[in-house]
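The values are calculated or read from the model by the stated rules, or taken from the named source; none is laboratory data. Nothing here was measured: the structure is a model prediction, and the numbers come from that model. In this analysis, Cβ positions are derived from the backbone assuming ideal geometry, glycine residues included, and neighbour counts consider all displayed protein chains.
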Amino acid sequence: MDAFPNRLYMEIQRHGTADEEKTEQAFLDLAFKYNVPLVATNEVFFATPDMFEAHDALLCIKDKTHVIVNDRRRLNPEYYFKSPDEMKKLFEDLPEAIENTVNIAKRCGFMVEFQPPALPIYPDCEPVGDDIQKAREEMYDKIRNYLTDDPKTGKTVQEQLDSRTLGELQEAVTVQKRARAGLVKRLEVHVFTPDMTDEDKKQAGQKYYDRLEYELSVIIKMKFSGYFLIVSDFIAWSKAHGIPVGPGRGSGAGSVVAWSLTITDLDPLRFNLLFERFLNPERVNMPDFDVDFCQTRRGET
């Protein structure tokens, strides 16, 4: 009691079990003896009493036993979600126990603070030399054009670059390099045809390169380069080890960068898929690729 002044309660439950009936008076005596307030609670395992039998069967499945077995864990139909009126009637002899449920609820005020996504720095990035400042400046030049002055934070492009860790800069440069190289391969296999001239290829590929650069600007500005690299890495590993991976599902299939990194195998422009459904500057949550692995080997990924 000294450890929890004015915050210690004696819990009373009434599900009609023999143990509760046997111990309730002892709990009440202790509460009155030490002036500990009572609180009424009700364990909930199913929504309504008629769901008891189904829940009982699930318990048997979980415990690898059968409904007809007597010596097993079991509940009763009273473990359902009771209404306020039902709880008041059940504890009508202890009204203070009901009142304290509200008092406790009022004391539980908590607001989760927003935290930016926390991802590990992708380890297999473009290497840097011993001169870190020179390396930073070289990486600045490669990604500077993807950034703009931020009116929300008031940070200039240079301030945004300076605030990034070395790992974040390496991720941005790496995703840029790999996405560009990957798109070249994708176009050669899936878009260009043998009868195309160089001019034809240039015209056919331009919309892909434009889309790629636009997506990179969003990805790099929002600091999701590492996420794309991580997903690309475990998908590439799975394919290299013969684990079947789905071609792409959900809004992530609308990304040319994802297609270029072989995260997906669907050409977004061919099917008129939108990148903004997956990621855009107004999105406050992390993007989420829907990846389907072979059900018999997905545990290896």
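A few comments on the model shown:
- Contacts under 7 angstrom Cβ, first residue in the range 262-282 being surrounded by fewer than 14 Cβ atoms within 10 Å (Cβ to Cβ), partner in a loop (DSSP other than H, G, I, E, B), 6 or more apart: 281/222
- Annotation note: Cβ proximity below 8 Å between a residue of the range 188-216 that is closer than 15 Å to residue 256 by Cα and assigned by TED's automatic domain parsing to the domain that holds residue 265 and a residue that is of a type in the set (Val, Ile, Thr) and in a helix (DSSP H, G or I) (sequence gap 6+ or interchain) occurs for 208/256; 211/256; 212/256; 212/257; 215/256; 215/257; 216/175; 216/257.
- Positions within the range 142-171 being part of a helix (DSSP H, G or I), of a type in the set (A, V, I, L, M, F, W, C) and in contact (Cβ under 8 Å) with a residue 60 or more places away in the chain, in sequence order: 143
- Of the residues making up the range 43-91, those that are farther than 18 Å from residue 12 by Cβ, of a type in the set (A, V, I, L, M) and surrounded by fewer than 14 Cβ atoms within 10 Å (Cβ to Cβ) are 47, 54, 57, 58, 61, 67, 68, 69.
- The number of residues in the range 244-269 that are in a loop (DSSP other than H, G, I, E, B) and under 18 Å from residue 179 (Cα atoms) comes to 12.
- Number of the exception - residue 18 against (1) under 38 Å from the mean Cα position of the chain (by Cα); (2) of a type in the set (Gly, Ala, Ser); (3) surrounded by fewer than 12 Cβ atoms within 10 Å (Cβ to Cβ): (1)
- Taking (1) assigned to a loop (DSSP other than H, G, I, E, B); (2) modelled with pLDDT of 95 or more; (3) within 24 Å of residue 96 (Cα to Cα); (4) under 37 Å from the mean Cα position of the chain (by Cα) in turn, residue 65 satisfies each apart from (3).
- Of everything in the range 80-117 that is closer than 19 Å to residue 4 by Cβ and not in a helix (DSSP H, G or I), the residue that is nearest to the chain's Cα centre (by Cα) is 110.
- For the criterion of being assigned to a loop (DSSP other than H, G, I, E, B), in contact with a strand residue (DSSP E or B) (Cβ under 7 Å, 6 or more places away or on another chain) and modelled with pLDDT of 95 or more, residue 43 passes.
- Single residue of the range 192-243 satisfying the filter (outside any helix (DSSP H, G or I) and in contact with a helix residue (DSSP H, G or I) (Cβ under 9 Å, 6 or more places away or on another chain)) that is surrounded by the most Cβ atoms within 10 Å (Cβ to Cβ): 224
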